[in-house]
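Just below is one structure, and these are the notes that go with it.
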């Protein structure tokens, strides 16, 4: 008995270090167990993808859709199932306007230490709601909080979904008050060919500053020669669609 306790006490630090390293690896945007996340578009051309999380919301999403329409920009929206339930017409409008909808879970729960059945329910429930917008397929899933520890990649592989992370998430977007110019400055400074940019239309606060940030980002990056695409595009000499999505 004493020998077992001694062996356990010796191995425990090694085990904890291993788990910690595994956890940090799973948090990486460009790495995951059992899969490779889509964290950037494979291109050396000036192509960038705007992605918006946690929506739709009543305050940010409507003016955002108007702005994207004015700027002739298509984006990718990772929607929450509970928000689609709350604002079904807004979700339908996202699809109708030609944007791509991805799955962001039903209620933004961290996918740590959850059963496969729980994860599948979160994903399939939200898929069903996305289908009600008119989008025929849902290929892309973005983990809430980028939490993808061990089980989630296996579940996504089983469901034939692509895990999406991103290239840049502006720190200033999480500050209060929201400073639209500062957020835009951070995004522009860190954008490279193929960048997938994180922004959030699902938050209710500071809609005017949020729209200002997106407006500046689009305007300035277009001046630099960037083209905005949905994440279901890739470059092979010319832009080609990765999948057919009905509109």
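Please report, in cubic angstrom per residue, the volume enclosed by the convex hull of the alpha-carbon atoms of segment 24-241.
On the way: hull volume 25.2 nm³, N = 218.
Here the figure is 116 Å³ per residue.
Specify the inter-centroid distance of segment 109-167 and segment 72-103, based on alpha-carbon positions, in whole Å.
Answer, in whole Å: 16.
With the convex hull built on the Cα atoms of segment 120-242, state its orientation-averaged projected area in nm². Working shown, then result.
Values: hull surface 37.5 nm².
Over all viewing directions, segment 120-242 projects a mean Cα-hull area of 9.4 nm².
On full extension of the chain, what length is gained from residue 222 through residue 145, given 0.36 nm per residue of separation minus the C-alpha to C-alpha distance?
Taking residue 222 through residue 145 to full extension adds about 24.8 nm, to one decimal.
Please compute the alpha carbon radius of gyration of segment 90-164, then divide it by the globular-protein estimate 2.2 N^0.38 Å. Two decimals is fine. Intermediate results must be reported in sequence, preceding the final value.
Values: Rg = 12.2 Å, N = 75, 2.2 N^0.38 = 11.3 Å.
Taking the Cα Rg and dividing by 2.2 N^0.38 Å, one obtains 1.08.
What does the highest-first list of 94-100, 200-206 look like by mean Cβ count within 10 Å?
Numbers: 94-100: 20.0, 200-206: 18.3.
Ranked by mean Cβ neighbours within 10 Å, highest first: 94-100, 200-206.
Each reported figure results from applying straightforward, stated rules to the coordinates on display, with no laboratory input. Keep in mind that what you see is a predicted model, and the values were worked out from it rather than measured. Positions of Cβ are generated from backbone atoms using ideal geometry, with glycine treated the same way; all protein chains shown enter the neighbour counts.
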